[in-house]
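S.K.: Mind having a look at this structure? Questions to follow.
The values are calculated or read from the model by the stated rules, or taken from the named source; none is laboratory data. Please read all numbers here as calculations on a predicted model, not as lab measurements. For neighbour counting, all protein chains shown are included, and Cβ atoms are generated from backbone atoms with ideal geometry for every residue, glycine included.
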DNA sequence: CGTTGATCCTGGGCGC
DNA sequence: TGCGCCCAGGATCAAC
C-alpha cells in the first residue's frame, strides 16, 4: 500500500473531484454515498498500516485493497493497454493503464479528465468515506486497533516486546494480526521470520529475547526492501500507474516451496498456519530451540 | 480477554 | 474441452 500511496501522491494531490460512481455497493462504506465528494479537492495522501487515507476538503476517503484490490489513475491522454497480460520479463514499462472492466467497482472522475479507478476481483477490498469534522478518523482507527507502525516513532523495541508478552499463539499468527505490527501481510510475515531464523509455527512464549529483537529488526528490513522494489506482484498487485512490483525476485521463501533455500540449499517447505500458506526453510528456521 | 476457524468473493491452475 | 477441486497479497465475527 505504501507503493500505491507513493505512486498516487503527486498525481492526486491538488486534483479536483468532479464526479463519483460506485458500481458495487458491497465495497463502499459511507453513510451518505459518494456524491458528497463532488467538487472537493484532494489535499493529501497518507497511510496507516494497509489503509490508504485520501484527505479531501471535507472528508477522509479510506481505501483497503484486500487481496486483489487495485487503485490506479487512468489518463485519457495515454493509451490503454490491450490486456491484463503480464508484461514479458524483458519488456519495457511504458503506459500500462487499464480501462475499466466488470471488476472496476469505484470510479472517481477528476476535473482534468483523468479518473481514479478502484478494481477488485474478489471484492475483499473496501472504500470508507468519513466526515472530517468530529472524531471519525480517530474512531475508525481506534476501532481497528492497529499496532505499531513501522518507520514511525511508534516502532520501538520496548513496545514490540511488550506486545509479545503474555501471548501464546504461534508467531506467524501474531505477525498477521494487525494489532501487533500494522501492515505486515502473509508475504512479509514469512520473509521476516526467515530472515530472523524463526520457525513460523513456534509459540511466542518459546522465543528467546535475542530472537524477538532480531524479528523486530527484520520486519523493518523486509518491508523496506518491498518498498524499494515497489511492491510484490504475484498476480494482481499493481501500483497507481498500473506497474507491477519487482519484490517477488527478492523473496527468500514465499512462493518458493520445493525450491532450494538461497542461504543453505535445503528445499523450502510449505505448511499451513492460521489457515494461511506458510513458507520456511527447515534448516535456517528450526522448530526446536 | 485470547485464540481459532468459518466466511466473504472470483478466477487460475491442476488432475482426471 | 470440461468438470471438480484446491489455492490465492485479508479482515471480521462467532464460538470456545
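S.K.: Pick from A:157, A:175, A:164: which is farther than 16 Å from residue A:255 by Cβ, touching a helix residue (DSSP H, G or I) at 6+ places or on another chain (Cβ under 6 Å) and more than 16 Å from DNA strand B (Cβ to nearest atom)? Explain how you work it out, then say what you get.
M.R.: On the way: A:175 fails: more than 16 Å from DNA strand B (Cβ to nearest atom); A:164 fails: more than 16 Å from DNA strand B (Cβ to nearest atom).
Of A:157, A:175, A:164, the one residue that is farther than 16 Å from residue A:255 by Cβ, touching a helix residue (DSSP H, G or I) at 6+ places or on another chain (Cβ under 6 Å) and more than 16 Å from DNA strand B (Cβ to nearest atom) is A:157.
S.K.: When you scan segment A:218-244, how many residues do you find that are in contact with a strand residue (DSSP E or B) (Cβ under 7 Å, 6 or more places away or on another chain), within 14 Å of residue A:69 (Cβ to Cβ) and away from DNA strand B (no atom under 16 Å from the Cβ)?
M.R.: The total comes to 2.
S.K.: Of the conditions (1) within 21 Å of residue A:149 (Cα to Cα); (2) within 16 Å of DNA strand C (Cβ to nearest atom); (3) assigned to a helix (DSSP H, G or I), residue A:230 satisfies every one except a single condition; which number is it?
M.R.: (3)
S.K.: Also: Select from segment A:270-289 the residues that are surrounded by 13 or more Cβ atoms within 10 Å (Cβ to Cβ) and part of a loop (DSSP other than H, G, I, E, B) and write down the one among them that is nearest to the chain's Cα centre (by Cα). Can you show your working first?
M.R.: Pass one, segment A:270-289, residues surrounded by 13 or more Cβ atoms within 10 Å (Cβ to Cβ): A:270-271, A:273-274, A:276-286.
Narrowing further to those that are part of a loop (DSSP other than H, G, I, E, B): A:274, A:281-286.
On the way: A:274: 19, A:281: 24, A:282: 27, A:283: 29, A:284: 27, A:285: 25, A:286: 29 Å.
Top of the filtered list is A:274.
S.K.: Could you grab the pairs with beta carbons closer than 7 Å, sequence gap of 6+ or different chains, first residue in segment A:236-262 and without any contact (Cβ under 8 Å) to a residue 12 or more places away in the chain and in the same structural domain as residue A:80 (by TED's automatic domain parsing), second one surrounded by fewer than 22 Cβ atoms within 10 Å (Cβ to Cβ) and outside any loop (DSSP other than H, G, I, E, B)?
M.R.: Correct list of pairs: empty, since none qualify.
S.K.: Still on this structure, I have one more. Only one of (1) modelled with pLDDT of 95 or more; (2) closer than 29 Å to residue A:277 by Cα is not met by residue A:44, so which one is it?
M.R.: Failing condition for residue A:44: (2).
S.K.: To continue, here is another question. Residues being under 19 Å from residue A:126 (Cβ atoms) and surrounded by 14 or more Cβ atoms within 10 Å (Cβ to Cβ): count how many of those fall in segment A:30-40. Write out each step before concluding.
M.R.: Of all residues in segment A:30-40, those under 19 Å from residue A:126 (Cβ atoms) come to A:30-37.
Next cut, surrounded by 14 or more Cβ atoms within 10 Å (Cβ to Cβ) only: A:30, A:34, A:36-37.
So the count comes out to 4.
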